[in-house]
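Derivation of every value follows stated rules applied to the coordinates shown; laboratory data play no part. Just so you know, these numbers come straight off a predicted model, no measurement behind them. Because the Cβ atoms are built from the backbone with ideal geometry, glycine has one as well, and the counts that use them run over all protein chains shown.
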2 protein chains.
Amino acid sequence: MPDQVTVIGGSGALGQGLALRLAAAGVPVVIGSRDESRAQEAAARVKQQVPEADVRGLANGPAAEASEIVFLTVPFRNQSETLTNLKNHLREGQLLVDATVPLAAAVSGKATRTLGVWQGSAAQQAQEMAPDGVRVVSALHTVSAAILGDLDHPLDEDILVCGNRKADKQVAIELIQRIEGLRCVDCGPLEMARTTESLTALLIGVNARYKTHAGIKITGL
Amino acid sequence: MPDQVTVIGGSGALGQGLALRLAAAGVPVVIGSRDESRAQEAAARVKQQVPEADVRGLANGPAAEASEIVFLTVPFRNQSETLTNLKNHLREGQLLVDATVPLAAAVSGKATRTLGVWQGSAAQQAQEMAPDGVRVVSALHTVSAAILGDLDHPLDEDILVCGNRKADKQVAIELIQRIEGLRCVDCGPLEMARTTESLTALLIGVNARYKTHAGIKITGL
């Protein structure tokens with residue numbers, strides 16, 4: 001198992017929730033944010049809830065360099081810029097777990113709709129933009145950031161994982177499954193992120209309609 | 001509740017399974033097929049498993065005329081042609097429940113990929129092609145035809161339902177939920193079928209990977 005992971009966008013709702021849950025599961029976490037002080041504030045919030053947490057905040061660049069596994073949990077509006085800025089910080093051999101969802105909200109459209117991404121999905125854009133040798137896996141689109149960020153709320157749902165290499169997916173799966181109540185399902189190659197990303201928009205609609213924080217489970221496994 | 005429903009494509013795997021489950025739930029069913037004798041054979045197979053079933057087979061045209069609720073369960077390859085042939089048989093006020101999935105298999109591609117449909121989804125193509133006043137709802141993409149067709153296999157999964165009018169969805173939902181073990185979830189307007197249809201391709205991949213007949217459940221409801 002990896003010693004430490006980085007969460008880029010860790011001061012956002014999803015990143016913060018993910019950092020909190022991983023820290024509570026005993027995983028050392030580096031929170032990255034564009035603004036180092038915001039990253040440190042986010043780390044302090046995790047520490048407040050999980051006093052024994054091994055967590056610290058850094059600016060995105062050093063945060064991305066710090067771990068072999070890097071989660072990318074930024075809004076789609078910032079994904080391309082963030083990856084451009086990380087070009088000289090990410091390196092061959094790292095695993096990038098992309099959780100970006102191309103919601104139409106990025107261009108002032110509805111959060112229940114997605115944008116078409118030229119490469120097919122945000123995850124495929126991440127694969128194209130990441131430096132050579134950085135392996136990309138796509139995950140974490142269907143878990144509610146609000147539930148992730150509330151340690152009192154038990155989790156009981158699936159994380160749909162896409163990626164082109166089974167070994168890469170396995171690393172991400174073993175890590176994510178350290179969070180109790182999350183089961184990972186291998187949903188095939190990275191191109192399947194077209195569908196898993198669009199599920200976020202569908203669930204945002206379900207949340208509004210049913211006043212809940214919905215997630216996904218695959219039956220029959 | 002409606003007295004009777006029609007299943008166009010009822011001699012195919014999904015249609016046959018749906019007709020079987022509805023008949024077992026006490027719903028009178030008309031099975032439609034391009035070839036009347038194939039429809040009658042399919043009805044006989046239902047009758048064999050559910051002797052008290054009220055089921056008969058007709059050619060697609062008369063079958064489509066026979067009920068206020070018409071399920072469309074044909075392969076994407078045949079959807080457009082079928083709807084063209086039904087133009088003079090469907091009528092204003094009927095509810096068309098479209099279950100078509102634009103799998104790339106329709107053009108000798110992979111069943112784990114979908115085709116782009118100009119209208120956005122197969123369901124939206126159905127809405128465009130159906131005669132004026134025929135209301136279209138989209139459903140039944142994620143339930144396995146094999147499981148549906150096996151009465152000994154208990155069902156325990158969700159059916160994602162999309163449509164532009166709540167009242168139309170409610171009619172479809174009440175009907176589908178007569179099948180024990182199926183819970184319907186309102187997933188928003190018909191355009192959301194882009195995502196629910198693509199889930200079929202994702203589940204076909206999961207089925208191959210995990211040697212199962214997977215389905216979907218929404219958590220948090």
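Using a cutoff of 8 angstrom between alpha carbon atoms and counting only pairs six or more residues apart, the relative contact order for chain B works out to 19 percent. Among the GluC sites (Glu not before Pro) in region A:56-145, those placed in a DSSP loop whose Cβ has at most 14 other Cβ atoms within 10 Å are A:Glu68, A:Glu92. Set the bar at 31 Å for Cα to Cα. Now go through A:Lys169/B:Lys217; A:Lys47/B:Lys211; A:Lys47/B:Lys217 and name every pair that lies beyond it. As for pairs spanning more than 31 Å Cα to Cα, those are A:Lys47/B:Lys211; A:Lys47/B:Lys217.
The order of the peptides A:106-112, B:158-164, A:45-51 by mean Cβ neighbours within 10 Å, most packed first, is B:158-164, A:45-51, A:106-112. The label-point distance for A:Glu41 and B:Arg209, in a model that sets each label 7 Å from Cα toward Cβ, rounds to 3.8 nm. Taking amide H atoms as placed 1.01 Å from N in the peptide plane, the amide H of B:Ile216 lies under 5 Å from those of A:Thr219, B:Asp158, each 5 or more residues away in sequence or on another chain. Put simply, the convex hull of the Cα atoms in chain A casts, on average, a shadow of 11.2 nm².
Normalised by the number of residues in region B:63-173, the mean separation of alpha-carbon contacts (under 8 Å, six or more apart) gives a relative contact order of 24 percent.
Just to confirm my numbers, what's the Cα centroid distance between region B:69-111 and region A:154-168 in Å? Here the answer is 33 Å between Cα centres. Applied to region B:50-64, the Karplus parametrisation 6.51 cos²θ - 1.76 cosθ + 1.60 on θ = phi - 60° returns per-residue 3J(HN,Hα) values of 10, x, 7, 4, 9, 9, 8, x, 9, 5, 3, x, x, 5, 5 Hz, with x for Gly and Pro.
Two numbers describe the Cα atoms of region A:1-79: Rg and Dmax, which are 10.8, 34 Å.
Karplus-based coupling profile of region B:98-110, in residue order and whole Hz: 8, 10, 5, 10, x, 5, 5, 4, 4, 10, 6, x, 7, with θ = phi - 60° in 6.51 cos²θ - 1.76 cosθ + 1.60 and x standing for Gly or Pro. Summarising the amide proton neighbourhood of B:Gln94: residues at separation of 5 or more, or on other chains, whose placed amide H is nearer than 5 Å comprise B:Arg135. The Rg/Rh ratio of the protein assembly as shown, with both radii computed over alpha carbons and Rh defined as the Kirkwood radius, is 1.03. A:Lys47 label point (Cα plus 7 Å toward Cβ) to equivalent points in the other copies: 7.7 nm, shortest first.
Could you give me the ³J(HN,Hα) list for region A:182-198, computed from phi with Karplus coefficients 6.51, -1.76, 1.60 and θ = phi - 60°, whole Hz, x at Gly and Pro? Result, ordered by residue: 9, 10, 9, 10, 6, 9, x, x, 4, 4, 6, 4, 3, 7, 5, 5, 5 Hz.
Once C-alpha pairs closer than 8 Å and six or more residues apart are averaged by separation and normalised to the residue number of region B:131-221, the relative contact order reads 35 percent. Between B:Gly15, B:Gly57, B:Gly133, the Gaussian network model of chain B with springs among Cα atoms under 10 angstrom shows the greatest mean-square fluctuation at B:Gly133. Each other residue within a Cβ distance under 11 Å of B:Ile204 adds +1 if Lys or Arg and -1 if Asp or Glu, for a net charge of +3. Amide H contacts under 5 Å for B:Val185: B:Ile159, B:Leu160, B:Val161, restricted to partners 5 or more places along the chain or on a different chain, H placed in the peptide plane at 1.01 Å from N. Taking only the Cα atoms of region B:95-174, the ratio Rg/Rh comes out at 1.01, with Rh defined as the Kirkwood radius.
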